[in-house]
Every structure is written in structure tokens, then in C-alpha cells.
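For reference, the structure discussed in these notes is given below.
The values are calculated or read from the model by the stated rules, or taken from the named source; none is laboratory data. It should be emphasised that the depicted structure is a prediction, and the values quoted were computed from it without experimental measurement. FYI the Cβ positions are ideal-geometry reconstructions off the backbone, even for glycines, and counts take in every protein chain you see.
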Amino acid sequence: MSPRQPENDHVGAAPDAHLVGGVLPESRAAQTFLSRWVRRGLLAGFGVAFTVPYLSILNDVHVEGDEILPELPRRNVVFLANHQTYFMEALAFFDLVYVRYQFPLEDPILRFSAAEETMKKNLLTALMKLAGGVTFKRSFRDGGVDIRRGVDLDGVARVQEAISLGWLLHFPAGTTRKGAPLRAGVARLLHQTRAIAVPVRVDGFRRVLLHKQLPGKLFKSLSIKIHPKMDLDAFYSLPYSKAAGARVLEELEARIGDPSEV
């Protein structure tokens, strides 16, 4: 299926802060060229060796609502998903966008957000970062321990840049712990980027884990439900307020939050 290129990207997409007179500096251009081909190789390798056989043959991933993907602009879109595993949701989304829909690898540039400490655990996490991980330091948790520290402004800038340059799969709860609340900073991030926000509910991904975050179980049913994009025009048109941000989080929670256990 060939995606349709929209006439205009969504307003609010920020220009590349590294551009000088519209041209990338030589060292930055070389780095971008190398990173692009490393990313292409990793995505092709993950697709051929893992995602296609594991998610399409050995397990069943049912996708609902994906018909909106070709209609979305290729920049300034954030998919807001609940979080069940470190990487399986991201791999499934890469498979959906680049394999099932056959979008070009740079149109859109799909990335996913991840805690900085998570991406330093082993070789696999390092490869996933090269494939599209956007890291930040969480202000409330580090290495499985609850903490309190200031907002990671550099990390926020990386997340904002990833949104402005393409599509970002972002996890508003910031943890794989079931029933965790959505973080208030997500509403502020939306207001700052004016991004198109698409809620995504995933289910069943925990069932494929053999041990902790290691996948391996077979013949499981998983699902991805892509909701219609959120109507945030009124939210974006006014100065940010905590009350308005809370209402956005309530709407998002209703779409992607874990069901209440009775």
C-alpha cells in the first residue's frame, strides 16, 4: 500500500535547529548520512530476522484504526500509547508503518521515546537506540527506583525535535508498570509542539515475554488499536493552564488507560 503525501505538514513543526543558512554543517551532514544508513540496516535486519516472522507468523497482531496512517502528515505527529514492554510495542509499530504499509524509511521518520537508563542496559538496547530510540532522564524514576529530580531539558528537546521531524511513539505513563498514571508533562509537551496527537491502546504484549523484558512466547494474540486523533485546537489556541492540561490527560486516559479492576 503506497501512502499519500499530504500537501502541507501540520503547523507548528519546528525547523531543524542545526541548519546553518538552510544547509547542514559538513560534520553534521556526515553524521546524519551515517546514522541514516545504520538505521536503515537495523530496521531491515529487525524486520527480516525478527518482526516479520515473530509478529506476523509466530504470533498474531490484530490492528484496528490503522486506516488513518496514510492521511497523517509526515511530521509533527505523536502517537501516545500505554506501555507494557520496553520494546515490543515499538517493534510492532515499526512493522506496521514500514512493512505492512511500506512507508519509506525517511517519510515519515518513526522514532520511539525511552528512558535513558533503559537504553544503556545491553547490546540490544544500544541497537534499538540506533534504530530510533529518543532518550530522556525521567524525573520520577531511575533504574527501578522512585526518585525526585528536575526535568531533563535536554531530553525534552530531543523528544520535541523527534516530533517536529517525523512521527514519535511516546509513552505518557513513563513506565511499564500496570495502572501507572499518565504524567502531567505530556499535556505540556503537546501544547509546546502543537503536535497531532493520536492515542494508541496496545494489549497482550506482556504475554509474549519469557523473562522480564525478553520476548519469546509463541502463538499469542496481541492488539493495537489506533484511535482517531485528539481534537486539541481549543487547547492549542489558548495559553497553557494546568486545568486545561488535566482535561487533556483525562481524555487520553479514557482511551489508553488500563481498565479499572472491580
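Annotations
- The set of residues in segment 93-108 being over 14 Å from Leu42 (Cα atoms) and over 11 Å from the mean Cα position of the chain (by Cα) consists of Leu96, Val97, Arg100, Tyr101, Gln102, Phe103, Pro104, Asp107, Pro108.
- Every condition in (1) among the charged types (D, E, K, R); (2) in contact with a Lys or Arg (Cβ under 6 Å, 6 or more places away or on another chain); (3) farther than 23 Å from Asp95 by Cβ holds for Arg201 except the one numbered (3).
- Among the candidates Glu67, Glu89, residue that is assigned to a helix (DSSP H, G or I) and buried (at least 23 other Cβ atoms within 10 Å of the Cβ): Glu89
- Scan of segment 222-240 for residues that are surrounded by 10 or more Cβ atoms within 10 Å (Cβ to Cβ) and either assigned to a helix (DSSP H, G or I) or modelled with pLDDT under 95 (or both), ordered by number: Phe235, Tyr236
- Test for Phe136: is it surrounded by 15 or more Cβ atoms within 10 Å (Cβ to Cβ) and either modelled with pLDDT of 95 or more or touching a Phe, Trp or Tyr at 6+ places or on another chain (Cβ under 6 Å) (or both): no
- The listed residue being surrounded by fewer than 19 Cβ atoms within 10 Å (Cβ to Cβ), of a type in the set (Lys, Arg), more than 18 Å from Thr135 (Cα to Cα) and touching a residue at least 24 places away in the same chain (Cβ under 8 Å), out of Lys178, Lys212: Lys178
- Hey, Val61 modelled with pLDDT of 95 or more, more than 15 Å from the chain's Cα centre (by Cα), aliphatic (A, V, I, L, M) and crowded, with 21+ Cβ neighbours inside 10 Å or not: yes
- Just so you know, in segment 181-192 the residues that are of a type in the set (A, V, I, L, M) and not in a helix (DSSP H, G or I) include one that is surrounded by the most Cβ atoms within 10 Å (Cβ to Cβ), and it is Leu182.
- Comparison of Val156, Val200 shows that the only residue that is surrounded by fewer than 19 Cβ atoms within 10 Å (Cβ to Cβ) and among the β-branched types (Val, Ile, Thr) is Val156.
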